[in-house]
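> Please find one structure pasted underneath; my questions will follow.
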Amino acid sequence: MKYVLVTGGVVSGLGKGVTASSIGLILKACGLRITSIKIDPYLNTDAGTMSPFEHGEVFVLDDGGEVDLDLGNYERFLDIKLTRDNNITTGKIYQSVLEKERRGDYLGKTVQVVPHITDAIQEWIERVAAIPVDGIDGPADVCVIELGGTIGDIESMPFIEALGQFSYRVGPSNFCLIHVSLVPVLDVVGEPKTKPTQHSVRGLRSLGLTPNILACRSRMEFDENIRDKLSRLCHVPMDNIINLYDVSNIWRVPMLLRDQKAHEAILKILNLKGVSQVPAFSDWISRAELCDKLHVPVRIAMVGKYTGLSDSYLSVLKALLHASVACHRKLCIDWVPASDLEDATAKQNLEAYKKAWDLLKGADGVLVPGGFGDRGIEGKILAAKYARQNKIPYFGICLGMQISVIEYARNVLGLEDANSTEFEPNTKNPCVIFMPEGSKTHMGGTMRLGSRRTFFQAKEFKSVILYGNKNFVDERHRHRYEVNPDMVPKLEEAGLRFTGKDETGRRMEIIELMDHPYFVGVQFHPEFKSRPGKPSALFLGLIAAASGQLDTLIKKSTGVTEASVGLATGTIKHRYGNGTKLANGTNHVNGSPDGIYFNGNGLHA
C-alpha cells in the first residue's frame, strides 16, 4: 500500500479537500485504484451533531456514517463509496483507546498519548486503507489521506506525531507528503509573497515531517522566479512545486495537476514505475470545458434555513450543477432565506420580504432542502404553496417533502392546523410524526441513517421513469420524522400521490402531483449519490422541467447519464424571460467555483 498525505499551512480554507480529491483523480486516471481517508482533529465523534453554520453540511454515507463534507468531494471525484471509518476524528480515536483501557487490554500500563493514541491512529489508517471502496475485491493501490486543520494547531499534534512515525515505518518509497500552502499577492505590493509558505514548511519540518511536494495556492499563476525561490528556501525540487491558482471551476484542478506533471512527481516518489505516465480522463476534461461554455441560465430558488453559508448545502449545489451541465444550462442559484417569506418579516423588514418574494417569483424552479428546527418553516410552506398553485417545478428533500405534505393538508384538505409534531407536538392533525425507533434523549447517530430501499408503487409516475423504470431504488437517508401513515389515505384521495414507499409500505418515501409539470418530494437525500457525468435522476428532472426539457428527458430516460440524455443546447425561452443574460445583482462568487452563479438575500458565502 502506498500513502499520499495532504496537509495544509498558513490559513484554513485553501482547498485541501479539492486538492486531495484531484490528486486521487489523476492517479486513478493513471490506472491506479484509490481510497481516501479524512482526519478531523476535533473532539466530536462524528459530524452528525454539528450546526451547518459551524462546519458546513453533514455528508451521509451508505453505511449511515455522518461525516465531513470533504468525503463527499472524494466520492464525487473518484466515484467510490466510502465507510464511516474513512473519517477519523480525535473523538473516535480517544473513544477506542478508552474502551480498550476499560476492558483491560493495556494490562495495567499507564495509557498515554504516545504511544497508545499515536499507535491507535496508525492502526486505524492501515486497517481502513485496506477496505475496498470501488466495488472491486482487494485493497487499493494508493490511499490519499487529508489532515484537516492547519499545521501548528494544538489539536492536530497527536496526528502529526503519529503520521511522522507512520512515514518512517512504511518507508520513503511508500509515503508522499504534499503540503498545500498559500502564496498571497498583497495589493499594495502587487507580487506573490513566499514568506508564509517558508514559515509553514519550517513549522512542518520542526514537527518531524518533510514535504515532498508543495502545492501553492494563489490568485494567479506565478512565474519561474517564485518557483525557484520556493525551491531554494523550502528545500523542495522545482519540479515538485505545483501552482494551484484560481480556475473557473474546480473540475479544472486535476487538469492543473496534470499540466504541471504532479502525477509524475508522485509516481516517482512512490516508486510506481510500471504505471502509465499519461492520465486518461478525457470525459472529465470535456465536462470542465463544457461547464465554462454554458451561458443559457436556469434559475433555481433555494428556499432554506442555512442560506448564509453555501457549504451548508454543498451536495445539493453539486447535484444541481451535475444536472445543469447535463442539460447544457448555466446554473444560477437564488438564495431565499425561508423566514424572509413569512408575514412577520413583512412587518419587521419589508425590503427583505419583497426581495425574497421577487427571487422566488423570478425562479424557473424551486428547491426546499432538508433541515431541522422550526425557524423558517412557515416560509418553506409558503414556497411549496406558491410552486404548487403556479405550476412552478418544485423539488422537496427530506424536510422539503414533509412541509409539502403539511401545505397540501392545510390548503387542499382544509386542515388549517395541520403540522409536524416536530414543530407543534399537540397538533390535532399531525401530518408528520416522530419515528417510533428514534431516540428523544440522544442526538448523535440516532436518526434513520444510510442507504435504504424505496419501492415504486406504479410505473406511470415521473420519478419512476426518471429512475429508469426500476422496481426500487437505494438512496441515503437522514431523518427523525416521517409522514404520518394514518393521514395517507385522505391525502391520496385529495390527489397527492405517494409513489415510493419502504419495504413495509408504511413509510412514505416519494410524493408527486400528477397534474403538475414537476412537483416531487422525497424523504431521502439523492444529492449524496449524484456524480459528475451521472447526475441524480430527480435533480435532473428538476433542471429539465425548469428549462423546458422534461418531455425530452422522459422520452430518453432509459438510462440517466450525460451521454444518454443528449439534451438540446439551444436557447429555450424561460418562463420569466431570463433569456441568455443573468439578472442584475447576480454575481459569480470567486473561489466558490463550479461556474455556479449566486444571487441572494443575506448571503455571505
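The values are calculated or read from the model by the stated rules, or taken from the named source; none is laboratory data. All values reported here derive from a predicted model rather than from experimental measurement. Quick reminder, even Gly has a Cβ in these numbers, built from the backbone with ideal geometry, and neighbours come from all protein chains shown. Areas reflect the complete protein model, heavy atoms only, side chains present, ligands, DNA and RNA absent. Shrake-Rupley method; radii C 1.70, N 1.55, O 1.52, S 1.80 Å.
> I need a count of the residues in segment 240-250 that are modelled with pLDDT of 95 or more and part of a helix (DSSP H, G or I).
Qualifying residue count for the region: 1.
> Starting from segment 493-504, keep only residues that are at positive phi and open to solvent by less than 40 Å² (accessible area, probe 1.4 Å), then list their pairs with residues that are among the β-branched types (Val, Ile, Thr) and outside any strand (DSSP E or B) whose Cβ atoms are within a distance under 8 Å, requiring at least 6 positions of separation or different chains.
Cβ pairs passing all conditions: Gly495/Val412.
> Please specify each residue of segment 167-197 satisfying the condition of being open to solvent by less than 70 Å² (accessible area, probe 1.4 Å), within 21 Å of Ala265 (Cα to Cα) and part of a helix (DSSP H, G or I).
Ser167, Val170, Ser173, Asn174, Thr197 - these are the residues of segment 167-197 that are open to solvent by less than 70 Å² (accessible area, probe 1.4 Å), within 21 Å of Ala265 (Cα to Cα) and part of a helix (DSSP H, G or I).
> Kindly establish whether His328 is open to solvent by 30 Å² or more (accessible area, probe 1.4 Å) and modelled with pLDDT of 95 or more.
yes
> Out of (1) in a strand (DSSP E or B); (2) closer than 17 Å to His322 by Cβ; (3) of a type in the set (Val, Ile, Thr), the odd one out for Ile543 is which?
(1)
> Look at segment 505-522 and say how many of its residues are charged (D, E, K, R) and open to solvent by 10 Å² or more (accessible area, probe 1.4 Å).
3
> Additional query: Enumerate the strands (runs of 3 or more DSSP E) found wholly within segment 392-488, keeping only those where 1 or more residues are at pLDDT 95 or above and acidic (Asp, Glu).
It comes to 472-479.
> Related question: Pairs under 7 Å by beta carbon, first residue farther than 20 Å from Phe524 by Cα in segment 362-380, partner among the charged types (D, E, K, R) and open to solvent by 20 Å² or more (accessible area, probe 1.4 Å), six or more apart or different chains?
These pairs meet every condition: Asp364/Arg575; Arg375/Lys305; Gly376/Lys305; Glu378/Glu342; Gly379/Asp340; Gly379/Glu342.
> Can I ask one more? Go through the residues of segment 141-150 one by one and say whether even a single one is open to solvent by 10 Å² or more (accessible area, probe 1.4 Å) and more than 22 Å from the chain's Cα centre (by Cα).
Looking through segment 141-150, at least one residue is open to solvent by 10 Å² or more (accessible area, probe 1.4 Å) and more than 22 Å from the chain's Cα centre (by Cα).
> Do any helices (runs of 4 or more DSSP H) lying entirely in segment 27-131 carry at least 2 residues that are over 22 Å from Ser310 (Cα atoms), and which ones are they?
90-103, 118-129
> Regarding Gly164, is this residue outside any helix (DSSP H, G or I) and either small (Gly, Ala, Ser) or open to solvent by 10 Å² or more (accessible area, probe 1.4 Å) (or both)?
no
> Just to verify a result, which residue in segment 7-25, among those that are open to solvent by less than 10 Å² (accessible area, probe 1.4 Å) and over 20 Å from the mean Cα position of the chain (by Cα), is farthest from Ala130 (Cα to Cα)?
Looking at residues that are open to solvent by less than 10 Å² (accessible area, probe 1.4 Å) and over 20 Å from the mean Cα position of the chain (by Cα), I get Gly9.
> Say we look at segment 400-415 and pick out the residues that are in contact (Cβ under 8 Å) with a residue 60 or more places away in the chain and crowded, with 24+ Cβ neighbours inside 10 Å; which of these is farthest from Asp334 (Cα to Cα)?
Ranking the qualifying residues of segment 400-415, first place goes to Ala409.
> Look through segment 90-117, keep the residues that are touching a Ser or Thr at 6+ places or on another chain (Cβ under 8 Å) and open to solvent by less than 60 Å² (accessible area, probe 1.4 Å), and return whichever of them is farthest from Met157 (Cα to Cα).
Step by step, filter segment 90-117, then rank; the result is Lys92.
Residue by residue, here is whether (1) surrounded by fewer than 24 Cβ atoms within 10 Å (Cβ to Cβ); (2) within 20 Å of the chain's Cα centre (by Cα); (3) of a type outside the set (A, V, I, L, M, F, W, C); (4) more than 20 Å from Tyr306 (Cα to Cα) holds:
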position: His322; (1), (2), (3), (4): no, yes, yes, yes
position: Ile333; (1), (2), (3), (4): no, yes, no, no
position: Asp340; (1), (2), (3), (4): no, no, yes, no
position: Lys347; (1), (2), (3), (4): yes, no, yes, yes
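> Something else: Just checking, which of Thr19, Thr7, Thr90 is in contact with a Phe, Trp or Tyr (Cβ under 7 Å, 6 or more places away or on another chain), modelled with pLDDT of 95 or more and either more than 30 Å from Phe524 (Cβ to Cβ) or among the hydrophobic types (A, V, I, L, M, F, W, C) (or both)?
Selected residue: Thr90, the only one of Thr19, Thr7, Thr90 that is in contact with a Phe, Trp or Tyr (Cβ under 7 Å, 6 or more places away or on another chain), modelled with pLDDT of 95 or more and either more than 30 Å from Phe524 (Cβ to Cβ) or among the hydrophobic types (A, V, I, L, M, F, W, C) (or both).
> If you don't mind, another one. Answer with yes or no whether Asn271 is of a type outside the set (D, E, K, R) and at positive phi.
yes
> With respect to Lys385, determine if the residue is among the charged types (D, E, K, R), without any contact (Cβ under 8 Å) to a residue 60 or more places away in the chain, more than 21 Å from Asn419 (Cβ to Cβ) and not in a strand (DSSP E or B).
When the stated conditions are applied, Lys385 does not pass them.
> Residues Asp374, Asp358: which one is modelled with pLDDT under 95, of a type in the set (Asp, Glu) and open to solvent by 10 Å² or more (accessible area, probe 1.4 Å)?
None of the other options fit; the residue is Asp374.
> May I ask you to say which residue of Ser324, Ser339 is assigned to a helix (DSSP H, G or I), polar (S, T, N, Q) and within 28 Å of Asp70 (Cα to Cα)?
Only one candidate passes the filter, namely Ser324.
> Can you tell which of Gly203, Gly171 is free of Cβ contacts under 8 Å to residues at least 12 places away in the same chain and within 21 Å of Val236 (Cβ to Cβ)?
Matching residue, one of Gly203, Gly171: Gly171.
> Under 9 Å between Cβ atoms, at least 6 apart or on separate chains: pull out the pairs that start in segment 469-486 with a residue that is more than 30 Å from Lys428 (Cβ to Cβ) and small (Gly, Ala, Ser) and end on any residue that is modelled with pLDDT of 95 or more and open to solvent by 30 Å² or more (accessible area, probe 1.4 Å).
none
> Do we have Gly505 as in a loop (DSSP other than H, G, I, E, B), of a type outside the set (Phe, Trp, Tyr) and under 22 Å from Lys318 (Cβ atoms) here?
Against the criterion (in a loop (DSSP other than H, G, I, E, B), of a type outside the set (Phe, Trp, Tyr) and under 22 Å from Lys318 (Cβ atoms)), Gly505 does not qualify.
> Select from segment 483-521 the residues that are of a type in the set (Gly, Ala, Ser) and closer than 17 Å to Gly396 by Cβ and list them in ascending order.
Gly495, Gly500, Gly521
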